[in-house]
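Input: a single structure, listed below in structure tokens.
Bear in mind these aren't lab numbers, they're just calculated from the coordinates by the rules spelled out. In this text, all values refer to a predicted model and were calculated from it rather than measured experimentally. Here the Cβ positions follow ideal geometry from the backbone for every residue, glycine too, while neighbour counts run over all protein chains shown.
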Amino acid sequence: MPDKTGATQIANTVSDATISVDVLIVGAGISGIGMAVHLGDKCPGKSFAIVERRDDIGGTWNLFQYPGIRSDSDMHTLGFKFEPWTEQKSIADGPSIIKYLHRIKDKNDLEQHIHFGHKVLSASWSSEDARWSVTAEKADGSQVVMHANFVYMGAGYYDYDNPYDAKIEGLQSFKGDVVHPQFWPKDFDYSDKKVVIIGSGATAVTIVPVMAEKAAHVTMLQRTPTWYAARPSKDMLANFLRKVMPEKWAYAIIRKKNVWMQDITFRASRDNPEKVISKLEKPMKKELGDKYVKEDYTPPYGPWEQRLCLVPDGDMFKAIAAGTADLKTGHIDTVTGSGIKLKSGETLDADVIVTATGLKMAVAGKVAFEVDGKPVNWPDHYYYKGCMFSDIPNLAIVFGYLNASWTLKADIVSEYTCRLLNHMDATSTRIVNPVLDTDVEQEELFDFSSGYIQRAINELPRNSTAMPWKLNQDYLYDKDILLNGAIDDGVIQFYGPNSQRGLDEGEPALEAAE
């Protein structure tokens, strides 16, 4: 992995000499890196820059450093369509994903476009100038302004600064270590310590088996059970195909197969949940043996009403079966100086408490947007084709699937945005705006009961019952709409002269903010 300090110095040295860009990409994680590659391939004449608040690429995979950090989707769909995943394990750990992203960055010479240490604070659109003015804060506290005709938001969907605070009673009185996975201390030693992990989502499920290898004992304390899907970490078919055909062919075949299987599983979960439940329970019962307690592994909701938690190679179940970890279902009464007292009266002794209690959603990276001087209030706007917003010009955003991998959505949104930009060039227009000029029927944004979604639902953009004013959870349908549907669909509007005002050569992209 490239030296992080060196990467920052290179990017910041380049930034001062760069002019305003056609496209500004916010975030150098999966979404931002993917967009940069698609842009270079499909819109080679467009200038672009990537702004990243951290000192390295990777986004989520750079932020989270907790034990065992790994993908919760297979890498044949979490990987990009244009870059085959070549590792043996299809359920990959965080460092392997970072290595994959660096390979793409280096292969496509993206370093020169990335401005590290730039946290975007605000973005202001001017219809008169047909451009965005984006203010970012640098690590030293100074601010800079960048100008772009189009902004592509790849900043993720949760708050990087503030995780969800579950307000656990008495936590402040605990005399041991309290750790949140989002801010895992470097080189934290939990060897031979009693650990209680509060939570039952993907993060907790990942941490349990890894901490159990070194800790005296690990207990996962859940308030409500979760549905688990156990599967091998290696895709044997994928690894076989790579031996007998070119990697690109094998990757494309497995990617299509996995997309198809994900779609079938999701639909079956909604249409025939009992059949899916039977398949999910089988590997749990096999691994856990007499430690399988139905009440601890049977949620009060159906499969895929919340996201399934992946258990690669049944590792968590094996840890529980071996006695190095266990699972408790109960409600916390209070945290004491030496552990956790449950409302049932049971006490869990602990030296370390891990609060894997969930994330806090954030719209568009918490950036303060305004259009022609009017602040954007997200609940006043509808999603357009799941990647733009009603009455907000020249802005695209990635919000990945809840029932499939993030990158599936990132890929098709990037390609759609490139189609949009090329159409603007072909029609000599500089402004594109999904104008909502009629009443539409509203429905819930997500048909999922996950806590992090329900907590933020009133802060999110709106959703209609049908395209184009909809954020969808169907990749195959979205793929057809975004990649094959008409760009000028009679709803989205293109206008503005092909003026170069504000984008003239020689204008600095980074100006000291006054």
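So what is the calculated 222 nm ellipticity per residue for the chain, using -39500 (n - 2.57) for each DSSP H run with n of 4 or more, over all residues, to the nearest 500 deg cm²/dmol?
Helix-only estimate at 222 nm: -9000 deg cm²/dmol.
Of 167/343; 286/328; 279/385, which ones are farther than 27 Å apart at the Cα?
279/385
How much length is gained if the chain between residue 167 and residue 249 is pulled fully straight, taking 0.36 nm per residue apart and subtracting their Cα-Cα distance, in nm to one decimal?
Result: 24.5 nm gained on full extension.
DSSP loop (so not H, G, I, E, B), at most 13 other Cβ within 10 Å: list which GluC sites (Glu not before Pro) in the range 112-183 pass both filters.
Within the range 112-183, the qualifying GluC sites (Glu not before Pro) (loop, at most 13 other Cβ atoms within 10 Å) are 128, 169.
Count neighbours as other Cβ atoms within 10 Å of each site's Cβ, and list the trypsin sites (Lys or Arg not before Pro) in the range 112-193 that are DSSP loop with at most 15 such neighbours.
Here the trypsin sites (Lys or Arg not before Pro) that fit, given the DSSP loop and packing criteria, are 167, 175, 186.
Arrange 195, 435, 218, 491 by Cβ neighbour counts within 10 Å, fewest through most, would you?
Exposure proxy ranking, most exposed first: 435, 491, 195, 218.
Please express the Cα-Cα pair-distance distribution P(r) of the range 167-291 as a list of whole percents, one per 10 Å bin, running from 0 to the bin with the greatest distance.
9, 27, 27, 24, 10, 2
Of the options 144, 277, 440, report the single residue whose Cα projects farthest towards the positive end of the charge dipole of the chain (beta-carbon charges: Lys, Arg +1; Asp, Glu -1).
277
Hey, what did the range 208-340 get for relative contact order, percent, Cα under 8 Å, at least 6 apart?
Worked out over the range 208-340, it gives 48 percent.
Scaled to the compact-protein estimate 2.2 N^0.38 Å, what is the alpha-carbon radius of gyration of the chain, rounded to two decimal places?
1.01
Holding the Cα-Cα limit at 21 Å, pick out from 294/360; 42/107; 89/479; 234/256 the pairs that are longer than that.
Long pairs (Cα-Cα over 21 Å): 294/360; 89/479.
In straight Cα distance, which lysines are under 18 Å from residue 138, not counting same-chain residues fewer than 8 positions off?
Those lysines meeting the cut-off are 4, 119, 366.
Restrict the search to the range 283-350; then list the GluC sites (Glu not before Pro) that DSSP places in a loop and that have at most 14 other Cβ atoms within 10 Å of their Cβ.
Answer by residue number: 346.
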